[in-house]
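Values quoted throughout were computed directly from the atomic coordinates according to the rules given, and no laboratory measurement underlies them. Predicted model, so just to flag it, every value in this text is computed and none were measured. Neighbour counts run over all protein chains shown; Cβ positions are idealised from the backbone, glycine included.
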Amino acid sequence: MPTSSVAGHFAAFAAEQKYSGVILAARAEEILFLQAYGMASFEHGVPNRPDTKFYTASLTKPVTAMAALILLEQGKLELHQPARRYLPELGWIDERITVHQLLTHTSGIPDFETLPGFAEQYQMVLYQGLRILELIRDLPPDFEPGTGWRYSNTGYNLLGLIIERLAGISYEQFVREHIFGPLGMSDTDFGDDRSVIQGLASGYSREEQTGRLVKAAYFRIENFRASGHMVSTAEDLLKWSRSLDSEEILREETLRLMFTPHASVSPQRSYGYGWSIYEGSRGHDGWLPGYWCRFRQYPRERITVILLGNHDHTKESGVLSPAVFL
């Protein structure tokens, strides 16, 4: 569909309260489409704007992967070393699990978000430091390390702890200093439960039985740390996207390593270091109560498409083809 039809399509979704957020498409340095829809606050009648901030949920993971690879280039991290080498106090973690397996979701470490009762109980409690790992300490592994694939927020939180140990500063500060700052991502940071974040859209859900729009369930965003507590805007994410096609942050050979399909997820999808890799595209999705996002790069066409949303029921919006914007 032409760009004008894209605008109409999402305007219709917004009118039906099936989409609320910001959509951006760019080719290389040129922004082709940037439009805000819906409301940042339904209670106060505040509309979303192109510079509205959103929680990006699991889009934090490829940023975490980039941070780990910075440490690789600094000579502080080895990908095929056991994770316990860097966090020896976690003696209960299988000594065969490597940093590479944490990056690719092939460690077999259970995902704390899939625990029974997580949404009703655990996500409302703050687990600081290593405590989030205690939730899965006594669970059997999903599979032997390196023999399967299963998405694991726990594994990425563990990566964040390794980054902290090797960098000597917090995960958040390392990312600010080595990624956000150099790229000029001034509207990107990490959220917590108590901070007032200027320009942040409130999160909404839809009741399954009635279809009524409601405030999203309460949760402690800090529990997701290196797996999902980043706040950003569409244009800041475009700055980050451009760094993936240059050597602003990582050398070319390291970028190639990040986008190598290290693990098979399905016939249509592989996983690199923090990236889902498809035929002709790569990217990541994110979901938290009240927020949803989708990020796709189409390297052949040099197109980036970013969808940020503050309705967590907008997944039906789908991925826009790069051909729409050419």
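General observations
- The chain: angle of helix 153-167 to the longest principal axis, Cα-based, in degrees nearest 10: 70 degrees
- Rounded to the nearest 0.05, the FRET efficiency derived from the C-beta distance between Arg27 and Ser264 at R0 = 22 Å is 0.15.
- When only Cα pairs below 8 angstrom with a gap of at least 6 residues are kept, segment 3-325 shows a relative contact order of 26 percent.
- Span from the segment 216-272 Cα centroid across to the segment 70-93 one, whole angstrom: 20 Å
- A Cα-only calculation for segment 163-252 places Rg and Dmax at 16.3, 51 Å.
- Sites count as exposed loop sites when they are trypsin sites (Lys or Arg not before Pro), lie in a DSSP loop, and have at most 13 other Cβ atoms within 10 angstrom; the longest stretch of the chain without one is 1-136.
- Near Tyr218, once Lys and Arg are set to +1 and Asp and Glu to -1 for all other residues with Cβ below 14 Å from its Cβ, the sum equals -2.
- Extension gain, Leu130 back to Glu252 (0.36 nm per residue minus Cα-Cα distance, nm): 40.6 nm
- Global form of segment 32-94, assessed from the alpha-carbon gyration tensor, a/c cut-off 1.5: prolate
- Report summary: the helix-based calculation at 222 nm, which adds -39500 (n - 2.57) for every DSSP H run with n ≥ 4 and divides by the residues of the chain, gives -6500 deg cm²/dmol.
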